[in-house]
Amino acid sequence: MTKTQCPNCNKPKKPWYAQCWECNLKENQVKPNGNKSESKKQGFKEKFEGKFYFNSQKVKSKSELLICYFLTANGINFQYEPLMTLNKEIRPDFVIDDFKGNTIILEHFGMSSQKYMAKRKDKEIEFEKLCSDNQNFYFVSTEEFDIYNLKDTLGKKLNGTPLKKTHWK
């Protein structure tokens with residue numbers, strides 16, 4: 001097994017992911033009894049458990065739920081809070097792989113406390129450095145006021161990535 005092979009199924013994967021796209025989606029699905037895959041370790045997602053559901057997956061806020069609906073309505077496949085290992089482990093809100101070699105990181109910033117704003121600044125610096133170091137990475141962020149008109153706000157921001165569309169739903 002190499003850095004570019006999934007440890008579960010041996011399919012190709014990107015070196016910064018722990019597993020392939022399909023295995024990650026399977027792991028994050030909620031089983032009929034309400035539990036996630038037993039192989040999932042207690043960690044970040046369990047510590048900050050979501051309250052809302054999108055396609056049997058918990059998301060943390062109504063705003064993130066609306067972003068899920070927007071991305072799905074526009075035919076964009078995404079992963080919600082996948083674990084990515086680059087220089088260190090990071091967990092962006094949304095990761096979009098356009099299957100042409102480009103990765104778009106979408107982070108929603110929904111709070112405005114002083115402590116949160118400091119963390120936000122650190123995340124933005126980290127993601128922008130990641131994008132400048134890797135030409136196939138793009139970083140897009142949303143704020144709470146963007147949620148009221150995702151078609152214009154998020155659609156415009158995504159037009160600065162390879163996902164460019166003339167019309168967003």
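Do you know which residues across segment 104-117 are under 14 Å from the mean Cα position of the chain (by Cα) and either among the aliphatic types (A, V, I, L, M) or open to solvent by 80 Å² or more (accessible area, probe 1.4 Å) (or both)? If the condition is that a residue be under 14 Å from the mean Cα position of the chain (by Cα) and either among the aliphatic types (A, V, I, L, M) or open to solvent by 80 Å² or more (accessible area, probe 1.4 Å) (or both), then Ile104, Ile105, Leu106 are the ones that fit.
Would you check which residues across segment 118-169 are of a type in the set (Lys, Arg) and open to solvent by 50 Å² or more (accessible area, probe 1.4 Å) and list them?
Within segment 118-169, Lys119, Lys121, Lys123, Lys129, Lys151, Lys156, Lys157, Lys164, Lys165, Lys169 meet the criteria.
The values are calculated or read from the model by the stated rules, or taken from the named source; none is laboratory data. All figures in this text were calculated on a predicted structure; none of them were measured in a lab. What goes into the accessible areas is simple: the full protein's heavy atoms, side chains included, and nothing from ligands, DNA or RNA. Shrake-Rupley method; radii C 1.70, N 1.55, O 1.52, S 1.80 Å.
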